[in-house]
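The values are calculated or read from the model by the stated rules, or taken from the named source; none is laboratory data. Computed from a predicted model, the values in this text were never measured in an experiment. Cβ placement follows ideal geometry from the backbone for every residue including glycine, while neighbour counts extend to all protein chains displayed.
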Amino acid sequence: MTLLLSHLEKLKEEAQRCSLCSLGAQRNKSVFSDGCEKAPIMFIGEAPGQNEDETGIPFIGRAGQLLRKYLFETGYKQEDFYIANTVKCRPPKNRKPTPDEKNACRYFLQKQIEYVNPKVIVLVGATALESFINDKKLTISKARGKIYEMEGRKYVPIFHPSYLLRYHSLEENSPRDLFKKDLVMIKKMKF
Ligand code: URA
């Protein structure tokens, strides 16, 4: 019996064997994606952490649980989103991925974008922002909640949920309040 794999499943298998950068040698699991492969909204985070490296699932640790909590609280359904990261393997001690590591992994991310073909890409945090918008002066605080259109695709930067872990307040314009407002705005975007 032959098993028919989708483009994304084949790509995921490739990522599991990947040794394009040195992160591959240190991983337990490569962390490819979670969510719906036909989703209109794709979230791109920074890099897997320890929980992700152990499970192979992106955004499953504390920051990820917070992202998922706010997604469901603001009305997102499982079929609305697909989640990936700028790199598929965990950088040691959770440091930021280097430009070389991101470039080596770009092949996988570009193919994921091509195959999922989302209507909007949500750049979760500064690392994802820098990977897509080439403007050294642009900070995540300035960029968040704005819609950037490039090559026919819409991008919206948002805070990284690990930033929110430091701020618990939900008062007007607090990081958590802005994060929730951005999620609501993205959900309401007309594709
Ligand atoms: N932070 C990220 O950016 N990605 C994950 O998958 C987990 C934490």
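Working only within segment 134-152, note down all residues that are at negative phi and surrounded by fewer than 16 Cβ atoms within 10 Å (Cβ to Cβ).
Restricting attention to segment 134-152, the residues satisfying the condition of being at negative phi are 134-144, 146-150.
Result: ASN134, ASP135, LYS136, LYS137, THR139, SER141, LYS142, LYS146, ILE147, GLU149, MET150.
Scanning segment 40-57 for residues that are surrounded by 21 or more Cβ atoms within 10 Å (Cβ to Cβ) and assigned to a loop (DSSP other than H, G, I, E, B) gives GLU46, ALA47, PRO48, GLY49.
Within segment 15-45, the residues that satisfy the criterion of being without any contact (Cβ under 8 Å) to a residue 60 or more places away in the chain and within 10 Å of the ligand (Cβ to nearest atom) are VAL31, ASP34. For a quick check of your reading of the model, give me the residue pairs whose first member lies in segment 46-62 and is within 11 Å of ASN85 (Cβ to Cβ) and more than 9 Å from the ligand (Cβ to nearest atom), whose second is outside any loop (DSSP other than H, G, I, E, B) and of a type in the set (Gly, Ala, Ser), with beta-carbon atoms closer than 7 Å and at least 6 apart or on different chains. Qualifying pairs under 7 Å: none. Does ILE83 count as under 16 Å from the mean Cα position of the chain (by Cα), hydrophobic (A, V, I, L, M, F, W, C), away from the ligand (no atom under 14 Å from the Cβ) and not in a loop (DSSP other than H, G, I, E, B)? Judged against the criteria, ILE83 is not a match.
Could you please let me know if LYS69 is at pLDDT 95 or above, part of a loop (DSSP other than H, G, I, E, B) and either within 16 Å of the ligand (Cβ to nearest atom) or surrounded by 18 or more Cβ atoms within 10 Å (Cβ to Cβ) (or both)? Against the criterion (at pLDDT 95 or above, part of a loop (DSSP other than H, G, I, E, B) and either within 16 Å of the ligand (Cβ to nearest atom) or surrounded by 18 or more Cβ atoms within 10 Å (Cβ to Cβ) (or both)), LYS69 does not qualify.
Restricting PRO97, PRO157 to residues that are within 16 Å of the ligand (Cβ to nearest atom), in contact with a Leu (Cβ under 6 Å, 6 or more places away or on another chain) and within 30 Å of HIS7 (Cβ to Cβ) narrows the list to PRO157. Residues in segment 138-149: is at least one among the basic types (Lys, Arg), touching a residue at least 12 places away in the same chain (Cβ under 8 Å) and more than 19 Å from ILE41 (Cα to Cα)? Within segment 138-149 (the criterion being among the basic types (Lys, Arg), touching a residue at least 12 places away in the same chain (Cβ under 8 Å) and more than 19 Å from ILE41 (Cα to Cα)), the answer is no, since none of the residues qualifies.
Looking only at segment 105-116, decide whether some residue is more than 15 Å from the ligand (Cβ to nearest atom), hydrophobic (A, V, I, L, M, F, W, C) and either closer than 17 Å to PHE32 by Cα or not in a helix (DSSP H, G or I) (or both). Full working, then the answer.
Initial filter on segment 105-116 (more than 15 Å from the ligand (Cβ to nearest atom)): 106-107, 110-111, 113-116.
Keeping just the survivors that are hydrophobic (A, V, I, L, M, F, W, C) gives 113, 116.
Now narrow it down to the ones that are either closer than 17 Å to PHE32 by Cα or not in a helix (DSSP H, G or I) (or both): 113, 116.
Taking every residue of segment 105-116 in turn, at least one turns out to be more than 15 Å from the ligand (Cβ to nearest atom), hydrophobic (A, V, I, L, M, F, W, C) and either closer than 17 Å to PHE32 by Cα or not in a helix (DSSP H, G or I) (or both).
Given the criteria free of Cβ contacts under 8 Å to residues at least 40 places away in the same chain and either of a type outside the set (Ser, Thr, Tyr) or over 15 Å from LEU71 (Cα atoms) (or both), does GLY152 qualify? Answer is yes for this residue. Looking at the structure I just gave you, is ALA143 of a type outside the set (Ser, Thr, Tyr), more than 23 Å from LYS187 (Cα to Cα) and at pLDDT 95 or above? Taking the combined requirement at face value, the residue does not satisfy it. Cβ separations smaller than 7 Å between residues 6+ apart or across chains give the following pairs from segment 71-96 residues that are on the phi < 0 side of the Ramachandran plot to residues that are in a strand (DSSP E or B) and away from the ligand (no atom under 15 Å from the Cβ): ASP80/ILE41; PHE81/ILE41.
On inspection, ASP135 does not qualify as touching a residue at least 40 places away in the same chain (Cβ under 8 Å), more than 14 Å from the ligand (Cβ to nearest atom) and acidic (Asp, Glu).
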